[in-house]
1. Quick one: compute the contact order of the stretch 171-236, relative version, from alpha carbon pairs under 8 angstrom and 6+ residues apart, as a percent.
2. Using Cα springs under 10 Å in a Gaussian network model of the chain, which residue among Ile239, Ile138, Ile75 shows the largest mean-square fluctuation?
3. Which listed residue (Val142, Pro62, Cys89) has the Cα farthest towards the positive end of the charge dipole for the chain, taking +1 on Lys and Arg C-beta and -1 on Asp and Glu C-beta about the Cα centre?
4. Have a look at the DSSP beta bridges in the stretch 121-231 and tell me what percent are antiparallel, nearest 5.
5. How tilted is helix 43-56 with respect to the longest principal axis of the chain? Cα atoms for both, answer in degrees (0 to 90, nearest 10).
6. Can you compute the charge dipole magnitude of the stretch 116-258 about its Cα centre, using +1 on each Lys and Arg Cβ and -1 on each Asp and Glu Cβ, nothing else charged? Give it in debye, rounded to the nearest 20.
7. Using only alpha carbon pairs under 8 Å that are at least six residues apart, calculate the relative contact order of the chain and give it in whole percent.
8. With r as the distance between the Cβ atoms of His56 and Lys126 and R0 = 41 Å, compute the FRET efficiency 1/(1 + (r/R0)^6) and round to 0.05.
Amino acid sequence: MKFKRILGIDIGGSGIKGSPVDIKSGELVEARHRIPTPVPATPESVAVVIKNLVDHFNWNGPVGCGFPAVVQNGIVKTAANIDKSWIGCNAQELFTKTTGLPTLVINDADSAGMAEVKFGAGKKFKGTILLVTVGTGIGSVVFIKGRLLPNTEFGHIYLNSGQDAELFASDAVRKNEGLGWDEWAKRFDEYLLEVERLLWPELIIIGGGVSKKIQKFSEYLTVKAKVVPAKLQNEAGLIGAALAAKVNKDYLMQGYRQ
Ligand code: BGC
């Protein structure tokens, strides 16, 4: 089995997107395909969508999936924005079985970060990088000298108000509460300041849906770290998921053969 191209999949709260990725260049080999996230998004219904994506691309190679929760050794550990029935589910085993293909599952912010550090806004940056993905939830990933610290959950720190940050400053909250960009940006700045106080990253990369709109809110951000938008924008998650499958190739094939 060749590992030049890997099907990258990004499982999100509203859509599940996939495309074969050229691992060397990080480029999408075919136009991205998006299927709305099923409601309820249970393990069984999401597995069907993963299989549909595999079939759409007529894919017969390895698969990497970014998943919106803490994922350790393929097992989902949390469920902030997904169906609670995921907790304890071995997503990796489930998708491997449903697709019949070797499949890796990791946290979605971790996969987005891998892509940005290799091909995007964090390329060649040697200091501490924090990437924050802002969409339905808030995801985080930390890199120190290019090495990933997996499954950080800085989207769930408590702010001064005692509120979970994600429920205060996500893009979903901006939309649901009808906040103007300025109002939302002040909330997001409060959030970033708190993370900066705890972690002191030197570079903050903003990913997820809002990365395309950074000119609407960057003027309100007062953190000391340099703040830049994700270069790969909304595609970072699926590119990084493919990359992660390549990096973990031995582990992936081992799980597949068992
Ligand atoms: C989850 C994270 C995830 C983020 C973005 C949060 O609610 O806890 O694991 O990375 O949403 O999807």
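Every number here is computed from the coordinates shown, using simple stated rules; none is lab data. Keep in mind it's a predicted model, so treat the numbers as computed, not measured. Please note: Cβ atoms are built from the backbone with ideal geometry, for glycine as well, and neighbour counts cover all protein chains shown.
1. Details: 64 pairs, mean separation 25.7, N = 66.
Dividing the mean separation by the residue count of the stretch 171-236 yields 39 percent.
2. Highest fluctuation of the listed residues: Ile75.
3. Checking the options against the dipole of the chain, the answer is Pro62.
4. Values: 11 of 20 bridges.
Of all bridge pairs located within the stretch 121-231, approximately 55 percent are antiparallel.
5. Tilt relative to the chain: about 70 degrees.
6. Details: 20 positive and 16 negative charges, 176 e Å.
It comes to approximately 840 debye.
7. About 22 percent, as a whole number.
8. Numbers: r = 39 Å, r/R0 = 0.95.
Rounded to the nearest 0.05, the efficiency is 0.55.
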